[in-house]
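Below is one structure, written out as structure tokens; the observations come after it.
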Amino acid sequence: MNPENSMPIENPQTVKDDIIRRYPVKTGKKRAKQFLVNNPAAEPRQEIGVNVRTIPGIITQRGCAYAGCKGVVLGPTRDILNLTHGPIGCGFYSWLTRRNQTRPPTAEDPNFMTYCFSTDMQEENIIFGGEKKLRQAVEEAYAIFKPKAIGIFATCPVGLIGDDIHAVARDMTAKLGINVFGFSCEGYKGVSQSAGHHIANNQLFRHVIGKKPDAPQGQFKVNLLGEYNIGGDGFVIDDLFRRCGLDLLSTFSGNSSYDSFAQAHHADLNTVMCHRSINYVADMIEKKYGIPWIKVNFIGVGATAKSLRKIAQYFENDDLMKRVDTVIAEEEAKVKAVQEEIKGRCAGKTAMLFVGGSRAHHYQELFKEIGMKVLAAGYEFGHRDDYEGRSVIPTIKVDADSRTIEELVVKPDENLFRPRKSPEEMERLTNAGLDFKKYEGLMPDMEPETLIIDDINHYETEILIQKYRPDIFCAGIKEKYVIQKLGVPLKQLHSYDSGGPYAGFAGAVNFYKDIDRMLSAKALKLIRPPWENGTPLAAEFAHVA
Ligand code: CFM
């Protein structure tokens, strides 16, 4: 029963069938592959259809490749001057809305994140070409800001008219003597922003990582990959690492700088937080420089403690392990009382999470810790490995859309390749339970009979809410007000609304409190959705033979 409205919860298979039945046949067939009733024990294991184009006409939650490249991966880097080559809207709408924070070490250090740089293409540039304007913009930006590096980001029209941003980047590198590189991240380049992550990361790997020869000081040198410092999450993790005695060389890309990327190859361990956006970089760094990687998660108290212990286990140092245990004990003591109190009010309440490519999984930890149940979840743009685990990677079919994304061929670097652990050490650590390169994905972590829906759309969201009336829905700004008008509170798990940080122990407390407050608020409960309030407008698809 759903305690809120005492309606019996429908059988999930019936919910799925009911949703699929309402689509035109072809659309229904496609959507059925992306829509599972979870059965983690199934043999053979369930396979989900993902990373395919959204059907035109459907209101998706997804973003574009440009958003994934310029906004997600390079957006949080403060001293690379990010120049959008395109009409002004692309630059404007990717300007700081993600709440990715940064802290330059001193007031003199550059921070370009508060600026929005664009070539502001006009019709004339579309017709006669925009390269001249791009050259001028790069020179002007250099003259004013004197950055170490400039990134040029292509938008859809740039790809369509064929401006060669890479040729401009090469010329400008030669002329200005700084690192200028381009990203062919036209919005249409892939089926979602996931393609843009890959384009961004390939270029960082090619043009920046490994460029700083001097090794920084430190005993336990790590990088954190796939943490973007939304709402200050990265600051919380930085603080935990510092107190444990870990030396964080580089975060990709929360609170990052050009030099931090350039020195990443000096680390002895890579830790991967958001698997979707960056797992291939961890693989490439391992191949080229010999640095192993492990999956971590700093969302949730249990997950944070486990991740810190995994890092300490890797370094096989008793002092480090003791320090980590002390930090965990101190922090857990502070969290427990809040957790228990809030659990008293939230236990048994229900949540749905439809977010990006990793948070729909990671945030389930926090809900579980206060006794809440997740009824349905899914990614906007996850790949099969994010749902089913990395063991399926060799079986993933490469289709025409993924073929447009370059796969770099990486070999061990002649001078810089240095395996951090011998094969015997790696084996010993693996046998002791340290899983290298392992991610099990979202599906095994969810209860049987929950719904797993990839690239959920507005229409399906509304039916889910009608049928289940969850106590809270987690998604983004595009969904927020539509869902709240149906009487259900929406927590933004992209920008966190005005809240956060939610990472680590301190972040968990913030999250529990925010959820508790949202579930206790009475206002939205007064709103009756259309189906409980007279006759809603109904429409049917015309089934054309
Ligand atoms: Fe990774 Fe992200 Fe996410 Fe992502 Fe994103 Fe984001 Fe996200 Mo919004 S990199 S996949 S492309 S954790 S911007 S910080 S919240 S959709 S779940």
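Readers should treat all values here as calculations from the given coordinates under stated rules, not as data from a laboratory. This is a predicted model, so every value here is computed, not measured. As a convention, Cβ positions derive from the backbone with ideal geometry for all residues, glycine included, and neighbour counts pool all protein chains shown.
Over 18 Å between Cα atoms, which of 148/211; 467/513; 295/411 qualify? Could you put the intermediate results ahead of the total?
On the way: 148/211 13 Å; 467/513 27 Å; 295/411 23 Å.
In this structure, 467/513; 295/411 exceed 18 Å between Cα atoms.
Consider all pairwise Cα distances in the chain and report the whole-number % of them above 32 Å.
The calculated P(r) of the chain puts 46 percent of pairs beyond 32 Å.
In the chain, what percentage of the DSSP-assigned beta bridges are antiparallel, given to the nearest 5?
Taking every DSSP beta bridge within the chain, about 15 percent pair in antiparallel fashion.
Restricting attention to the stretch 242-349, which chymotrypsin sites (Phe, Trp or Tyr not before Pro) occupy a DSSP loop and are surrounded by at most 15 other Cβ atoms within 10 Å? Write out the running numbers ahead of the final one.
Details: sites: 252, 258, 261, 280, 289, 293, 298, 314, 315; in loops: 298.
In loop regions of the stretch 242-349 (DSSP not H, G, I, E or B), there are no sparsely surrounded chymotrypsin sites (Phe, Trp or Tyr not before Pro).
If you bin every alpha carbon distance in the stretch 313-434 into 5 Å steps from zero, what whole percent lands in each bin?
2, 8, 9, 10, 12, 14, 17, 13, 8, 5, 2, 0
Mind listing the long-range amide H neighbours of residue 149? Cut-off is under 5 Å, sequence gap 5 or more, other chains count too, H placed in the peptide plane at 1.01 Å from N.
Result for residue 149 returns 81.
Suppose the Debye formula is applied to equal point scatterers at every Cα of the stretch 140-205; what is log10 I(q)/I(0) at q = 0.18, 0.21 Å⁻¹?
-0.70, -0.89
So how far apart, in nm, are the two label points at residue 27 and residue 317 if each is 7 Å from Cα heading toward Cβ?
5.8 nm
Taking the Cα centre of the stretch 120-262 as origin, sum charge times position over the Cβ atoms of Lys and Arg (+1) and Asp and Glu (-1), and report the length of that vector in debye to the nearest 20.
Value, rounded to 20: 480 debye.
Give me the number: length gained by fully extending residue 542 to residue 482, i.e. 0.36 nm times residue separation minus the C-alpha to C-alpha distance, one decimal in nm.
Full extension from residue 542 to residue 482 adds 19.1 nm.
Give the aspartates and glutamates reachable from residue 421 as a straight Cα distance under 19 Å; neighbours fewer than 8 places away on the same chain don't count.
Within the straight-line limit of under 19 Å, residue 421 reaches these aspartates and glutamates: 247, 268, 283, 286, 316, 318, 413, 435.
Please compute, for the alpha-carbon atoms of the stretch 1-103, the extent along each of the three principal axes and give them in descending order in Å.
On the principal axes, the stretch 1-103 reaches 52, 36, 32 Å in Cα extent.
What ³J(HN,Hα) values, in whole Hz, does the Karplus curve 6.51 cos²θ - 1.76 cosθ + 1.60 give for the stretch 393-405 when θ = phi - 60°, with x put for Gly and Pro?
3, x, 9, 6, 6, 8, 9, 4, 5, 6, 5, 6, 9
Give the residue list of trypsin sites (Lys or Arg not before Pro) in the stretch 397-459 that are DSSP loop and have at most 12 other beta-carbon atoms within 10 angstrom.
Here the trypsin sites (Lys or Arg not before Pro) that fit, given the DSSP loop and packing criteria, are 397.
How much mean residue ellipticity at 222 nm does the chain get from its helices, if each DSSP H run of length 4 or more adds -39500 (n - 2.57) and you divide by all residues, to the nearest 500 deg cm²/dmol?
Helix-only estimate at 222 nm: -12000 deg cm²/dmol.
Using amide H atoms built in the peptide plane, which far-off residues or other-chain residues are under 5 Å from residue 350 H to H?
Placed amide hydrogens put 373, 471, 472 under 5 Å from residue 350.
How compact is the stretch 457-521 by the rule of thumb for globular proteins, expressed as Cα Rg over 2.2 N^0.38 Å?
Normalised Cα radius of gyration, the stretch 457-521: 1.15.
In debye, nearest 20: dipole of the chain around its Cα centre with unit charges on the Cβ of K, R (+) and D, E (-)?
Working: 69 positive and 69 negative charges, 114 e Å.
It works out to roughly 540 debye.
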